[in-house]
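Since the structure comes first, as structure tokens, the remarks are kept for the end.
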Amino acid sequence: MDKKADIALIGLAVMGQNLILNMNDHGFVVCAFNRTVEKVDHFLANEAKGTKIIGAKSLEDMVSKLKKPRKVMMLVKAGAAVDAFIDKLVPLLEAGDIIIDGGNSEYTDSIRRAKSLEAKNLLFVGSGVSGGEEGARYGPSLMPGGSPKAWPHIKPIFQGIAAKSDGEPCCDWVGEDGAGHYVKMVHNGIEYGDMQLICEACHIMKDVVGMNNDEISQVLTEWNKGELDSFLIEITADIMKFRDTDGLHLVDKIKDAAGQKGTGKWTAISALDQGMPLTLIGESVFARCLSSLKDERVTASKQLKGPTQGVVKIDDKKKFIEDLRQALYASKIISYAQGFMLMRGAAKAYNWDLNYGGIALMWRGGCIIRSAFLGEIKKAFAKNPKLENLLLDDFFKVAIHKCQDGWRRVLSAVVLQGIPTPCLSSALAFYDGYRSERVPANIIQAQRDYFGAHTYELLSEPGKHVHTNWTGRGGQVSSSSYNA
Ligand code: NBP
């Protein structure tokens, strides 16, 4: 084999194989490798037959077949497997060579790997890859971050194979060290939120409005033609009408206990670490936790009473469904506003220069949360790259003002009917909190000072922290100042 490969790809499971075939379709020569080396021959003889893809029998063989600077991408199980390959690759590579991790790695691992490889004069890229098997094969959303010097070398391959939205690649440089995997993690968190919101809307249609699955599917199909146009609404419309071989709806036969692989949880943990009110995604993770307590819920359902069935009468079904659409849209705006708040907080904490409009574009196609809505987010950040909060952009401000009456009517009805809507409800609570000049946190500060002498700050004397002896006569503010 005389011709050298443009890139090597390690990991011949679903994602790796499909990304290699995608790269091959775009004219790049790929060298394939896998821990279990027999899989390389099998891949070359089957899926890769008749392509320009080459294989390697060992890591040494693979490295010798690469153009310089060498680019080695891994699509292997996140965690120890990534470190194991990095350790084996380091002695085989030269200064300026690039190691890319395309798996679902934790961003903290990517920060560590970037620093450690840069100290050895190697470049590291931790890239979010979204879109599953289909995306990998025909156009994923790619979110690369890491050593900035690596970007010009991998850009033609990454932007070549990525999904396109209005002709633009759903891939751009995200930022330093762990930024790519951080943004992918937030993407997954938003995915959790979007999925839960749609489930809550379906639940309301079923148990408040009394609609059947086919009617719900039709409503979702209609919604998919407007502001809510998205992959997740589209597939849920398909799911709701899908019938099993016996003619019954398959969705009703599925156990109502949601699984999770952890990226939603990581997003919520990061939000707590950053002190960011990522309430909707947090609630979506907890909703999955609650769903998985199936046995406990079955027991409780026989003992804990809710309101009388049918307490809410929907006189104008069409109007209620429109209110529900607005509730869903407004909540989605809140979820994305919170997601971007979290990324802004992380960028500050980790010193990343994130391109927020670029991130919206990366999610516009090729991934699970792809939607028309992301085009509006991109426009908002293009208009004002320093936009503090999506809710303060004119487009989203007008949208939420238009939706809020319907949103409140729907939530009043579901509370009366006893339908759980953790995400729709927490979104409204956030909205009402965020738009409040004054919230009751002054009472919390007083409580903290009462039981723990934690001090408080007076509105009239900013920066001065004082303590009161709350049980003393008259409860006077003490003259002594404390450092908070
Ligand atoms: P898997 O996550 O199932 O990983 C399979 C690959 O990891 C195989 O090449 C396997 O080698 C290798 N591997 C394992 Br398992 N343990 C290893 C170890 N200790 N040392 C070295 N190699 C090891 O593959 P996937 O589903 O294609 O996903 C690849 C990555 O992409 C993962 O991080 C995943 O989270 C991420 N991802 C997946 C999707 C998706 O839709 N599946 C979407 C987006 C991102 P072997 O053949 O020798 O066992």
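Each reported figure results from applying straightforward, stated rules to the coordinates on display, with no laboratory input. Quick caveat, the model's predicted, so the values are computed rather than measured. Cβ coordinates were reconstructed from backbone atoms using ideal geometry, including for glycine residues, and neighbour counts include every protein chain displayed.
Against the numbered list (1) within 16 Å of the ligand (Cβ to nearest atom); (2) over 30 Å from Ser270 (Cα atoms), Lys68 comes up short only at (1).
Take the residues in segment 183-226 that are small (Gly, Ala, Ser) and buried (at least 18 other Cβ atoms within 10 Å of the Cβ); name whichever of them is nearest to the chain's Cα centre (by Cα). Looking at residues that are small (Gly, Ala, Ser) and buried (at least 18 other Cβ atoms within 10 Å of the Cβ), I get Gly189. Residue pairs whose Cβ atoms lie under 8 Å apart, sitting 6 or more positions apart in sequence or on different chains, and linking a residue in segment 79-99 that is in a helix (DSSP H, G or I) to a partner that is among the hydrophobic types (A, V, I, L, M, F, W, C) and more than 16 Å from the ligand (Cβ to nearest atom), are Ile86/Leu117; Leu89/Val63; Val90/Leu117; Val90/Leu122; Leu92/Val63.
Report the residue count in segment 109-146 for those that are closer than 19 Å to Asp353 by Cβ and surrounded by fewer than 20 Cβ atoms within 10 Å (Cβ to Cβ). Within segment 109-146, residues that are closer than 19 Å to Asp353 by Cβ and surrounded by fewer than 20 Cβ atoms within 10 Å (Cβ to Cβ) number 2. Considering only residues that are hydrophobic (A, V, I, L, M, F, W, C) and surrounded by 12 or more Cβ atoms within 10 Å (Cβ to Cβ), which ones fall in segment 251-271? Within segment 251-271, Val251, Ala257, Ala258, Trp266, Ala268, Ile269, Ala271 meet the criteria.
For segment 29-48, the tally of residues that are more than 10 Å from the ligand (Cβ to nearest atom), surrounded by fewer than 19 Cβ atoms within 10 Å (Cβ to Cβ) and either on the phi > 0 side of the Ramachandran plot or within 32 Å of the chain's Cα centre (by Cα) (or both) stands at 1.
Kindly evaluate Ser105 against the criterion of being within 16 Å of the ligand (Cβ to nearest atom), surrounded by 15 or more Cβ atoms within 10 Å (Cβ to Cβ), assigned to a loop (DSSP other than H, G, I, E, B) and polar (S, T, N, Q). Here the answer is yes, as Ser105 does meet what is asked.
Filter segment 242-270 down to residues that are within 16 Å of the ligand (Cβ to nearest atom) and outside any loop (DSSP other than H, G, I, E, B) and give me whichever is farthest from Glu322 (Cα to Cα). Out of the qualifying residues, it is Trp266.
Residue by residue, here is whether (1) free of Cβ contacts under 8 Å to residues at least 60 places away in the same chain; (2) more than 22 Å from Gln417 (Cα to Cα) holds:
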{"residue": "Met185", "(1), (2)": "no, yes"}
{"residue": "Gly189", "(1), (2)": "no, yes"}
{"residue": "Tyr192", "(1), (2)": "no, yes"}
{"residue": "Leu197", "(1), (2)": "no, no"}
{"residue": "Asn213", "(1), (2)": "yes, no"}
{"residue": "Lys225", "(1), (2)": "yes, yes"}
{"residue": "Leu232", "(1), (2)": "no, yes"}
{"residue": "Thr245", "(1), (2)": "yes, yes"}
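From the list Gly96, Gly79, Gly11, the one residue that fits, being surrounded by 14 or more Cβ atoms within 10 Å (Cβ to Cβ) and either within 16 Å of the ligand (Cβ to nearest atom) or under 27 Å from Ala163 (Cα atoms) (or both), is Gly11. Helices (runs of 4 or more DSSP H) fully within segment 161-241 that include at least 3 residues being over 30 Å from Phe124 (Cβ atoms) and acidic (Asp, Glu): 179-207, 213-223. For segment 128-143, taking the residues that are of a type in the set (Gly, Ala, Ser) and within 9 Å of the ligand (Cβ to nearest atom), the one that is nearest to Tyr182 (Cα to Cα) is identified as Gly128. Identify the single condition in (1) in a helix (DSSP H, G or I); (2) over 21 Å from Cys171 (Cβ atoms) that Arg113 does not satisfy, given that it satisfies every other one. It fails just one condition, (2).
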